[in-house]
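For reference, the structure is listed below as structure tokens.
The values are calculated or read from the model by the stated rules, or taken from the named source; none is laboratory data. As the structure is a computational prediction, the values presented were derived from the model and not from experiment. Neighbour counts run over all protein chains shown; Cβ positions are idealised from the backbone, glycine included.
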Amino acid sequence: MTAKVRVATTSLAGCFGCHMSFLDIDERILPLLERVTLDRSPLTDQKHAGPCAVGLVEGGVCNEDNLHVLREFRAQCQVLVAVGACAINGGLPAQRNHFEVGDLLRRVYTEEPGLTRRVVPDDPELPLLFDKVRPLHELVKVDYFIPGCPPPAEAFWAFLSDLLDGKEPRLPKGAIRYD
Amino acid sequence: MRSASDILNAHRGDPTRLVQILRDAQHACGNWLPARVLSEIARGLGLPRARVEGVAGFYAFLNLKPVGRFRVLVSDNVTDRFAGSAETCGALCQRLGVKRGHVRSDGRVSVDFTSCTGLCDQGPALLVNGLAIPQVTGERLDQVVRLIEADTPVDEWPADLRRVQDGVRLQGPVLGATLEPGAALHRVLHASPDDVLATLKDSKLRGRGGAGFPVATKWETCRTAPGDSVVVCNADEGEPGTFKDRALLMRRADLVVEGMTIAARFTGATQGFIYLRGEYEFLLPHLNEVLSKRRAAKLLGTGICGDRGFDFDVDVHLGAGAYVCGEETALLESLEGKRGVPRHRPPFPVTHGYLGRPTTVNNVETYADAAVIFGLGLEAWKALGTEQSSGSKLLSIAGDVERPGIFEVPWGTTVREVLKLAGAGSVKAVQVGGPSGELISPKELDRRIAFEDLPCAGAIAVFNESRDLLEVVVNYAHFFAHESCGFCTPCRVGTHVATRSLDKLRQGRGSSAELAELGTLTRLLRDTSHCGLGNTAPNAWRHYLDKFPDDLARRLQAGFVPAFDVDAALVAARTARGETP
Ligand SMILES: Cc1cc2nc3c(=O)[nH]c(=O)nc-3n(C[C@H](O)[C@H](O)[C@H](O)COP(=O)(O)O)c2cc1C
Ligand code: SF4
Ligand code: SF4
């Protein structure tokens, strides 16, 4: 048997829906894990990615930390994949792009009724927000895009199977979804 | 002020005239179309309200929101850019106290850019409430500002300010034709269809609007298709940098209508249209005058030339700022009062065109050429040109030349000869045939303007050593993204994605990733778009990437660079936190 392939996954400005959909491959996860070792991933709770063959990224880039993680993935993964509408277009979180981020922070943290401490959170631990939520490919080179919100389990399965078989990945027709 | 019902009556309550009705209604309502008026028009025409609003929303010159009572649009073709259109726009905004893209608080004026207005030889040019104002710099710019501040309606502005030159620099058999009105028509009046067809075939006349389809085949297919046929003259001239139809319509409108009438005689059409681009509204009075004179001379109307069975008349329809309406099926949709979305082909217009009837659609120049062929005889025509490209071609030359304007040359003339005629100095590149045509390098100047080598619908834009070619390509890409009708995804999305990659290259942030993206988009647009707009949108960047590797190389980064300045994008959040950025 050949060595297992390392795969990392992460969620940036996403909802984990893409990860949940990935898990919808159900029992096929067992044969998959015979060929794959999960590296950094919410499923392993490993905090940093090591050298990997594939990195799957859910969610767009809304703050500094997202960018940091994305750059780590890009540096460590041979093949970087933008997974889902948020990673590809910014998706739902990008709805805030219609507003000025400074305004938003002030309105939410200092003007909304019922607040006790009216300050924009300034703990240095908190990552700074970007002015806009951006798709991955505006920040790093992305090798593949798997559309859908979330992409169906079938898309993850087909994509990874092809890649592991050394084929150019092709999604079957029903697995290409834009909703 | 005209009411909606007056306007509807003037157009006989005919829904196919919807674009014309909306233009008139907008004029009567202070330059925009309030919801109430749209509803009235919908009711009056018996159309769904959504259909009327959908049509109004399609055209750049129809406004669903208030614009200034003086709507000033600055022509933004790349040669206009290089001639100072951005400065003109900036000066106008500053002098009039208005931000570009906004309406001044008193509602009097708004200023914005628009696609090429076909006045590249007389730029920087404006459209003010649809009327062309060429050469707006210096004193003429002061004058425009004064007239707007004095609230003088545009139709009352000094004729001198509104005067457009025909720009003809070199005449050939078409621009120089001294045929009397009716002379060519009389020649076909008594000829049999077979004889006319034989002459057309022998002349090898091919369409002048871009695709170069043989005229004989088109006319004959239309003639034999069942149904009442229609003759349409495509005067949309939307390809940036093309302004030769403007000159023909100013100087030889008679010849154009004569060509249409010959087509009508041959195909049996009784109805004809000239689809005139909105930007050329200033030509409307002249065209209508030519048409009435011809009616008076029995060259149009019923019983043409005393032949009781020969009825044909022509109506001018104005477009409203949509490049795609130059595509013949989109044009027909627009003529029928719809959004200018290209149709599925086949069936082609020759069998199923205007209202499903057989329709001959030809370019302005094609009709003029046909009239010249029948008027002056085949021999004179065939003496000019090449094997596959007979006769002459009108070129509109602009950009970095001493003598911009219209040159009628024999097909087969080399680019080098053309540049010499127009007085070009150092040449970095020449765009032949407009953004959808071919960008050529100085190595290719001996190529011939002919269907066999470099086909050209008319536009020649010359760029000298000082010009940034990527700026040219970026301008064209933005043009296509703006003009995409949105019907099919490859073009609607692809043209926009391309502008982002190209903008990135232009900002010096591009790398091999952007080149790969542009390569993918080239194939996608070329192979899967619904119409010629999407198919040809990649041409300019493709030629740039292929033919100007050195220009490109100095802009490329070794590795991937983000599309934007990451630190600058954090400033707003830092400031909100009270940090000094
Ligand atoms: C996006 C697009 C724009 C076009 N614009 C024009 C135009 O402005 N004028 C024109 O004559 N043909 C234009 N054409 C070509 C027409 O579809 C059609 O081929 C032409 O009017 C036929 O006339 P011809 O055979 O005399 O050239 C355009 C085509 C496309 C795809
Ligand atoms: S694409 Fe949809 S499912 Fe995936 S992270 Fe975004 S919102 Fe969630
Ligand atoms: S290619 Fe572009 S312009 Fe043509 S139909 Fe598609 S979207 Fe419309």
Take the conditions surrounded by 20 or more Cβ atoms within 10 Å (Cβ to Cβ) and either within 14 Å of chain A (Cβ to nearest Cβ) or away from ligand 2 (no atom under 16 Å from the Cβ) (or both) and apply them to B:ALA513. Does it pass? no
Return the residues of segment B:470-500 that are within 11 Å of ligand 3 (Cβ to nearest atom), within 13 Å of B:ASN539 (Cα to Cα) and over 18 Å from the mean Cα position of the chain (by Cα); say none if nothing qualifies. B:THR495
With in contact with an Asp or Glu (Cβ under 8 Å, 6 or more places away or on another chain) and assigned by TED's automatic domain parsing to the domain that holds B:PRO240 as the only criterion, which of B:GLY303, B:GLY309 stands out? B:GLY303
Are any of the residues in segment A:63-86 surrounded by fewer than 18 Cβ atoms within 10 Å (Cβ to Cβ), away from chain B (no Cβ under 14 Å), away from ligand 3 (no atom under 16 Å from the Cβ) and part of a loop (DSSP other than H, G, I, E, B)? no
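Tell me, please, whether a residue that is within 16 Å of ligand 1 (Cβ to nearest atom) and either more than 14 Å from every other protein chain (Cβ to nearest Cβ) or closer than 23 Å to B:LEU525 by Cβ (or both) can be found in segment B:413-421.
Kept after step one, since they are within 16 Å of ligand 1 (Cβ to nearest atom), are these residues of segment B:413-421: none.
No, segment B:413-421 has no match at all.
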Would you confirm, using the coordinates I've provided, whether B:ASP503 is surrounded by fewer than 18 Cβ atoms within 10 Å (Cβ to Cβ), away from ligand 3 (no atom under 16 Å from the Cβ) and within 26 Å of the chain's Cα centre (by Cα)? yes
Since A:LEU33 meets every condition but one in (1) closer than 26 Å to A:SER161 by Cβ; (2) in contact with a strand residue (DSSP E or B) (Cβ under 9 Å, 6 or more places away or on another chain); (3) among the hydrophobic types (A, V, I, L, M, F, W, C), which condition does it not meet? (2)
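Considering only residues that are within 22 Å of A:PRO127 (Cα to Cα) and in contact (Cβ under 8 Å) with a residue 60 or more places away in the chain, look in segment A:10-55 and name the one that is farthest from ligand 2 (Cβ to nearest atom).
Pass one, segment A:10-55, residues within 22 Å of A:PRO127 (Cα to Cα): A:10-16, A:40-42, A:45-49.
Filter once more, so that each one left must be in contact (Cβ under 8 Å) with a residue 60 or more places away in the chain: A:10, A:12-15.
Working: A:THR10: 11, A:LEU12: 9, A:ALA13: 8, A:GLY14: 3, A:CYS15: 3 Å.
In this case the residue turns out to be A:THR10.
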Scan segment B:232-244 for residues that are closer than 12 Å to B:GLU279 by Cα and near ligand 1 (Cβ under 8 Å from one of its atoms) and report the count. 4
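Restricting segment B:531-574 to residues that are in a helix (DSSP H, G or I) and surrounded by fewer than 16 Cβ atoms within 10 Å (Cβ to Cβ), which is farthest from the other protein chains (Cβ to nearest Cβ)?
Taking segment B:531-574 first, the residues in a helix (DSSP H, G or I) are B:532-536, B:539-547, B:549-553, B:568-574.
Okay, now just the ones that are also surrounded by fewer than 16 Cβ atoms within 10 Å (Cβ to Cβ), so B:546, B:549-550, B:553, B:568.
Details: B:ASP546: 23, B:PRO549: 22, B:ASP550: 24, B:ALA553: 19, B:ALA568: 8 Å.
Restricting to residues being in a helix (DSSP H, G or I) and surrounded by fewer than 16 Cβ atoms within 10 Å (Cβ to Cβ), the top hit is B:ASP550.
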Looking across segment B:263-292 at residues that are surrounded by 15 or more Cβ atoms within 10 Å (Cβ to Cβ) and among the charged types (D, E, K, R), the single one that is nearest to B:GLY227 (Cα to Cα) is B:ARG265
Quick one: is B:LEU521 in a helix (DSSP H, G or I) and either in contact with a Leu (Cβ under 7 Å, 6 or more places away or on another chain) or more than 12 Å from every other protein chain (Cβ to nearest Cβ) (or both)? yes
Among the residues in segment A:130-148, are any over 18 Å from the mean Cα position of the chain (by Cα), on the phi < 0 side of the Ramachandran plot, charged (D, E, K, R) and away from ligand 3 (no atom under 16 Å from the Cβ)? yes
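Going by the structure shown, is A:ASP179 in a loop (DSSP other than H, G, I, E, B), away from chain B (no Cβ under 14 Å) and either surrounded by fewer than 18 Cβ atoms within 10 Å (Cβ to Cβ) or more than 16 Å from ligand 2 (Cβ to nearest atom) (or both)? Give the steps one after another, and end with the answer.
Values: in a loop (DSSP other than H, G, I, E, B): yes; away from chain B (no Cβ under 14 Å): yes; either surrounded by fewer than 18 Cβ atoms within 10 Å (Cβ to Cβ) or more than 16 Å from ligand 2 (Cβ to nearest atom) (or both): yes.
When the stated conditions are applied, A:ASP179 passes them.
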Cross-chain or 6+ apart pairs with Cβ under 8 Å, segment A:108-134 first and within 12 Å of chain B (Cβ to nearest Cβ), then of a type in the set (Ser, Thr, Tyr): A:VAL119/A:TYR109; A:VAL119/A:THR110; A:VAL120/A:TYR109; A:VAL120/A:THR110; A:PRO121/A:TYR109
